[in-house]
Amino acid sequence: MLNILRKLRRTEMKSGQYIKYAIGEIFLVMVGILLALGISNWNEERKAGIAEVEYMQSLIKDVRSDSIFYQSRKLGLSGSNKDYDGLLKMAQNQEHSLTTNSLRSIFQFYAHQSKVVTNHPMVFETISDSEVTRSLRAYFGTYEYVSIAMTIYNDALKAHFFPFSVKHSHKINNNEDLIPNLVKLIKTTELHGITNLLRDYSLNALEQVDSMIVVNQSLIVALDQKLKD
């Protein structure tokens, strides 16, 4: 009887040891799985961080390209506004600084497409930094106003001035008599009205481009700061 009890006790002790061993094994396996998951997550975050930095490096190149582009839009629209004012002064026989060359370039279309907007449609899904994202939202929002203002100006030019220039092409295309001919034409209600309209639209476009230049610089600062971190 005593032998049987001793054997049962040894069996119970061995069973307890086996259970402890099994629990230890399970614990180690769980720790290993958690460590593996942690390393995997860290590696994925590291890769995502590297990809985001590379994306921002590409993005800032287009932002800087936009900076040069919109500065050129500002220069062109400023010149157009000055020349439209000159035409209106010409209509009132006031002193002006118009030349044949400036008159040749006054009525022109202006492209307005942003490289940032065109090349980075998924930017908000790619950039995680809140400050950069905030600057991007201002950028895209301001671009909408620029696009609308420039489209209105270009459409008005196409709808109003081009038909007028075709009708009076024999006068407008004569370089030698261009200014004297325009002095006569600008005094007509038709060209005077077209010039006033285009001046107002180009002034609005210029104001929107000025705003675009401001948000462009803000985005450059935000991206530079993030890339330095």
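Taken together, the values in this text are just the output of simple stated rules run on the coordinates, not laboratory data. This is a predicted model, so every value here is computed, not measured. Cβ atoms come from the backbone with ideal geometry, glycine included; neighbour counts cover every protein chain shown.
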Legend entry - Distance violations [Cα-Cα > 22 Å] among K74/K226; K89/K187; K167/K187: K74/K226
Legend entry - Environment charge of M90, counting only residues whose C-beta is closer than 11 Å and scoring Lys/Arg +1, Asp/Glu -1: 0
Legend entry - For T195, T99, order by how many other beta-carbon atoms lie within 10 Å, fewest first: T99, T195
Legend entry - Residue-count net charge about K228 - beta-carbon cut-off 13 Å; Lys, Arg +1, Asp, Glu -1: -3
